[in-house]
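Below is one structure, written out as structure tokens; comments come after it.
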Amino acid sequence: MDSYGERFAIAPGSADGQHFLIVEGRAYPAIADEMRRGAIAALEAAGATHETIAVPSAMEVPMALAMALEVGDHDGYVALGCVMRGQTNHYSAVAGESIRALVELAMVDALPLGIGILTVETEAQARIRANVNDQDRGGDAARAALALAAIKMKLNA
Ligand SMILES: Nc1c(NC[C@H](O)[C@H](O)[C@H](O)CO)[nH]c(=O)[nH]c1=O
Ligand SMILES: CC(=O)[C@@H](O)COP(=O)(O)O
């Protein structure tokens, strides 16, 4: 059961000709695979092409994105990762700093960036949120990026 309302609708083909970058933290590989599957499905449904950069964990996602921004230009960006409570409070620093740095990058350069960094207590929570047939947070992050890319294109037209 989803914990918030209706999914944001993106028209099929509305991102034809656009190319997106996915940056994924792979600390939990099965969760990462499913988040990426959802993101790719959403991008492809909108007609966008995509490429992926993988890093070890959510903490490196903003750094990799910053590096990618120095050398290339994409129509939109999707940041994916999963931060799960361990034995200490370390996870809250990782989640907080990763998301803070991503928002900072997006605000400085007005990036169409969808952020799908799960912050969960348990693997079961992560599975529900990643599952493309359940909460599909990878797909949601891609749809956020698509929506922002469309706004940017409209404002620049
Ligand atoms: N605890 C989680 C981390 N931790 C990341 C590490 O702190 C560190 O960045 C990494 O080991 C490289 O040195 N990362 C996640 O994505 N998810 C976690 O739950
Ligand atoms: C490096 C880490 O992310 C990891 O050690 C976090 O887990 P814990 O809180 O059990 O140390």
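The values are calculated or read from the model by the stated rules, or taken from the named source; none is laboratory data. Here the structure is a predicted model, which means the values were calculated and not measured. Quick reminder, even Gly has a Cβ in these numbers, built from the backbone with ideal geometry, and neighbours come from all protein chains shown.
Some notes on this structure:
Residues are listed down the side, and each one gets a yes or a no for (1) buried (at least 16 other Cβ atoms within 10 Å of the Cβ); (2) of a type in the set (Ser, Thr, Tyr); (3) within 16 Å of ligand 2 (Cβ to nearest atom); (4) modelled with pLDDT under 95:
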position	(1), (2), (3), (4)
Thr52	no, yes, no, no
Pro56	no, no, yes, no
Val61	yes, no, yes, no
Asp73	no, no, no, yes
Val78	yes, no, no, no
Ala93	no, no, yes, no
Glu104	no, no, no, no
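- A single entry from Ala110, Ala157 fulfils the requirement of being away from ligand 1 (no atom under 13 Å from the Cβ), surrounded by fewer than 19 Cβ atoms within 10 Å (Cβ to Cβ) and on the phi > 0 side of the Ramachandran plot: Ala110.
- Single match in Ser14, Ser57 (criterion: closer than 16 Å to Ala95 by Cβ and not aromatic (Phe, Trp, Tyr)): Ser57
- With respect to the conditions (1) farther than 18 Å from Leu148 by Cα; (2) under 16 Å from the mean Cα position of the chain (by Cα), Ala79 falls short on a single one, namely (1).
- Residue in the range 5-22 that is more than 15 Å from Ala149 (Cβ to Cβ), at pLDDT 95 or above and in contact with a Leu (Cβ under 7 Å, 6 or more places away or on another chain) present: no
- Qualifying residue in the range 11-18 (condition: charged (D, E, K, R) and surrounded by fewer than 13 Cβ atoms within 10 Å (Cβ to Cβ)): yes
- Restricting the range 10-27 to residues that are hydrophobic (A, V, I, L, M, F, W, C) and not in a loop (DSSP other than H, G, I, E, B), the residue that is farthest from ligand 2 (Cβ to nearest atom) is Phe20.
- Considering residues of the range 1-33 that are charged (D, E, K, R) and in contact with a Gly (Cβ under 7 Å, 6 or more places away or on another chain) only, the residue nearest to ligand 1 (Cβ to nearest atom): Glu24
- Qualifying residue in the range 130-143 (condition: modelled with pLDDT of 95 or more, in contact with a Pro (Cβ under 8 Å, 6 or more places away or on another chain) and polar (S, T, N, Q)): no
- Residue that is farthest from Ala101 (Cα to Cα), among those in the range 28-52 that are touching a Cys at 6+ places or on another chain (Cβ under 9 Å) and part of a helix (DSSP H, G or I): Ile31
- Arg37 meets the stated requirement of being more than 11 Å from ligand 1 (Cβ to nearest atom) and either over 28 Å from Lys154 (Cβ atoms) or in contact (Cβ under 8 Å) with a residue 60 or more places away in the chain (or both).
- Taken as a whole, the structure leaves Glu44 outside the set of residues that are within 16 Å of ligand 2 (Cβ to nearest atom) and either farther than 21 Å from Asp136 by Cα or charged (D, E, K, R) (or both).
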